[in-house]
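Q: Here's a structure for you.
The values are calculated or read from the model by the stated rules, or taken from the named source; none is laboratory data. Small disclaimer: the values here were computed from a predicted structure and weren't measured. A quick note on method: Cβ atoms are made from the backbone with ideal geometry, for glycine too, and the neighbour counts reach across all protein chains shown.
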Amino acid sequence: MADVLDAAALDFDTDLVRSMSSERLASEAVSLPRDAATERSGWDWSDLDRVGARAASPSDAAAGT
């Protein structure tokens, strides 16, 4: 099993991993903590969770909503 994992690790596209890491760090740098986001929007945090969960729902994506 270790040989398979070692081979997979060696097969990583380092530029792709570096790009994905950079994008994630950039996203985190401009993201607001939940409390700051709710204060800025005037919504309750449970509203943000509900909207976020709906946007990520596979059934909504399949329905085109």
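Q: Residue by residue through region 1-33, note down the ones that are surrounded by fewer than 10 Cβ atoms within 10 Å (Cβ to Cβ) and either of a type in the set (K, R) or closer than 28 Å to L48 by Cβ (or both).
A: L25, S27, E28, A29, V30, P33
Q: Next question, about the same structure. Consider A36 carefully, then state whether it is at pLDDT 80 or above, among the small types (G, A, S) and part of a helix (DSSP H, G or I). Steps first, please.
A: On the way: at pLDDT 80 or above: yes; among the small types (G, A, S): yes; part of a helix (DSSP H, G or I): yes.
Yes: the conditions hold for A36.
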